[in-house]
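Engineer: For reference, the structure I am asking about is given below.
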Amino acid sequence: MSDKDERIEPPQSHEKGPAQVSRRAMLASTGGAAAAFGLGGYALARHLEREDAASSTHPTVTTYPFRGAHQSGILTPAQDSMFSAAYDLRDIDVRLVRKLLRDWSVAAEQMMAGELVGGQPLADKQAAPIDTGEAWGYPASGLTITFGVGRGLFVDAKGRDRFGLKSRMPKILDQGMPKFANETLQSGDSDGDLLIQCCADDNQVAMHAIHNLTRIAFGKAVMRWSQVGYGRTSSTSKDQQTPRNLFGFKDGTNNIKAEDPTAQLNEHLWVQADDDQGDWLAGGTYYMARRIRMFMEVWDRLRLGEQEDTMGRDKMYGAPLSVAAPTSASQEFTTPDYAVRSGGDTLVPGDSHIAVVSPEQNKGRRMLRRGYNYTNGIDSLGRINAGLFFVAFVRDPRTNFYPILSRMTRSDALTEYLQHQASALFAVPPGIGAADPGVAERLFKGVVE
């Protein structure tokens, strides 16, 4: 076990804090209940076990609760690694769709607790193991699993009701994400019917989660695209430092944090009961992803001053350029002064990244960023194929995301070194209740008995 795995994360104010419990202790205490991969009574039993686990004093690993008012993996402190995937549903009955989500939920709860799917491996060596096994003996590593639903869950490509859920489709999904300037989206790497986001402090634990959930979906859904990310590019807690992107700059300084007042989180992040489809989506949010290629070989040739003018920040400390001669990392959080001038020009150029996308320049609109760097080998010219897998969660992308992204693609000097290659929009249902069999149960109420 590494030092990282033994870290004790602080509790969060808006989500249940992480429990510290060893995988071995958890397996010993829950193996009987988890031996059968099924639903009967498991959800409530797991909820009670989680409460007991939270007070454990065993040697620790970080685990996060699966159940709560909101899904994990949103406000949870951003982990080091991410593995996300989108799936296309096959032509199946709506009952099988709900069963898939329930089966995924059972498996997700077990894996987030640091267990194998289905508990200990079967004694029958003639049967295929229920769990794929690559995280056997690994700590939970702060694994979170977040589920989302896309437009394809409600209608097919011709707009026809696909599973009897069309009347419950949010307008935001129906309208879809608009097109933006200078994007070259690849359809095979965009959209999807269902989304799974796995984040962990160990790549293999995240891989294990996606591997098992994909195996469970066999015959019901097929993976459409996937993305592995590393080096988180956002901080979702005030206890985390702002990370750097692959251009070497701190970005997302004004990101929503878990410690922000509930009123602000409700205003910018969580869907409310009186919003569109708030009957089943209240407490949820919207997930938007953009895979943004970063042309590092071009960027690397820029003089430092040009790089800083493009970002609007000092490269070393992250301070806005309106701060003269910064000397401390704390100056990163100094509010930018977009009016201060020198020699007739503003110190923070008007087309710099922060001047275009910051809340102060966008009517105070904020989003929760949870992106990761990615590297996908090299391109045909031998350049590193890498960039940012930008992920944002917002209450309404029409106000908190689309206008900001539109300004960015039209007038941000940074876009000269970027290319948007993939895009995805999903509704993220609220958290799973203590006795809920699975995620998105309210969506299916009255449609499936």
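The values are calculated or read from the model by the stated rules, or taken from the named source; none is laboratory data. The structure presented is a predicted model; accordingly, all values stated were derived computationally and were not measured. Counting neighbours? That spans all protein chains shown, and the Cβs are built from the backbone with ideal geometry, glycine included. Surface areas here come from the heavy atoms of the whole protein model, side chains and all, with no ligands, DNA or RNA. Shrake-Rupley method; radii C 1.70, N 1.55, O 1.52, S 1.80 Å.
Engineer: Report the residue, chosen from 274, 193, 161, that carries the largest GNM mean-square fluctuation when the chain is represented by alpha-carbon nodes joined by springs under 10 Å.
Structural biologist: 274
Engineer: What percentages make up the Cα-Cα pair-distance distribution of the chain when the bins are 10 Å wide from 0?
Structural biologist: Whole-percent P(r) values from 0 Å outward: 4, 21, 31, 25, 13, 4, 1, 0.
Engineer: Got a sec? What order do 136, 225 fall in by accessible area at 1.4 Å, biggest, i.e. largest, first?
Structural biologist: The ranking, largest first, comes out as 136, 225.
Engineer: For segment 156-175 and segment 82-107, what is the centre-to-centre distance using only Cα atoms, to the nearest Å?
Structural biologist: If we compute the Cα centre of each part, the gap is 17 Å.
Engineer: Related question: Which whole-Hz ³J(HN,Hα) couplings does segment 360-368 yield from phi under the Karplus relation 6.51 cos²θ - 1.76 cosθ + 1.60, θ = phi - 60°, glycine and proline marked x?
Structural biologist: 4, 9, 9, 6, x, 5, 10, 9, 9
Engineer: Related question: Given the options 131, 189, 91, state which has the largest fluctuation in a GNM of the chain using a 10 Å cut-off (strictly under) for Cα springs.
Structural biologist: Among 131, 189, 91, the largest mean-square fluctuation in the Gaussian network model of the chain belongs to 91.
Engineer: When we measure straight from the Cα of residue 315, which aspartates and glutamates land under 15 angstrom away, once same-chain ones fewer than 8 places off are left out?
Structural biologist: 251, 300, 306, 332
Engineer: Tell me, what ³J(HN,Hα) does each residue in segment 174-180 have, in order and in whole Hz, if you take phi through Karplus 6.51 cos²θ - 1.76 cosθ + 1.60 with θ = phi - 60° and put x for Gly and Pro?
Structural biologist: 3J(HN,Hα) across segment 174-180, in whole Hz: 4, 6, x, 6, x, 7, 10.
Engineer: Here is a follow-up. In the structure displayed, which of 99/445; 99/171; 99/220; 238/363 lie more than 19 Å apart, Cα to Cα?
Structural biologist: 99/171; 238/363
Engineer: Then there is this: Taking K and R as +1 and D and E as -1, what net charge do the other residues with C-beta under 12 Å from the C-beta of residue 449 add up to?
Structural biologist: Once all neighbours under 12 Å are counted, the net charge is +3.
Engineer: For Cα pairs less than 8 Å apart in space and 6+ apart in sequence, what is the mean separation divided by the residue count of the chain, i.e. the relative contact order in percent?
Structural biologist: Relative CO of the chain lands at 22 percent.
Engineer: Tell me the mean residue ellipticity at 222 nm calculated for the chain from its helices only (DSSP H runs of n ≥ 4, each -39500 (n - 2.57), averaged over every residue, nearest 500).
Structural biologist: When only DSSP H runs of four or more count, the value is -6500 deg cm²/dmol.
Engineer: I would also like to ask the following. Roughly what % antiparallel, to the nearest 5, for the DSSP beta bridges in the chain?
Structural biologist: Of the beta bridges lying entirely in the chain, close to 95 percent run antiparallel.
Engineer: When ligands, DNA and RNA are left out and all protein chains stay put, how many square angstrom of accessible area per residue does segment 388-427 have with a 1.4 Å probe?
Structural biologist: Value for segment 388-427: 28 Å² per residue.
Engineer: If I compute solvent accessible area with a 1.4 Å probe over the protein chains, what percent of it on the chain is carbon and sulfur?
Structural biologist: For the chain, the apolar C and S fraction of the accessible surface comes to 52 percent.
Engineer: While we're looking at this one, here's another question. Could you work out which residue, out of 195, 269, 418, moves most in a Gaussian network model of the chain, that is, has the largest mean-square fluctuation with Cα springs under 10 Å?
Structural biologist: Sorting by GNM fluctuation, first place goes to 418.
Engineer: Suppose every K and R has +1 on its Cβ and every D and E has -1 on its Cβ; what is the size of the dipole of the chain about the Cα centre, in Debye to the nearest 20?
Structural biologist: Dipole size: approximately 780 debye.
Engineer: If you average the C-alpha positions of segment 356-426 and of segment 229-288 separately, how far apart do those two centres end up, in angstrom?
Structural biologist: Here the two parts' Cα centres lie 14 Å apart.
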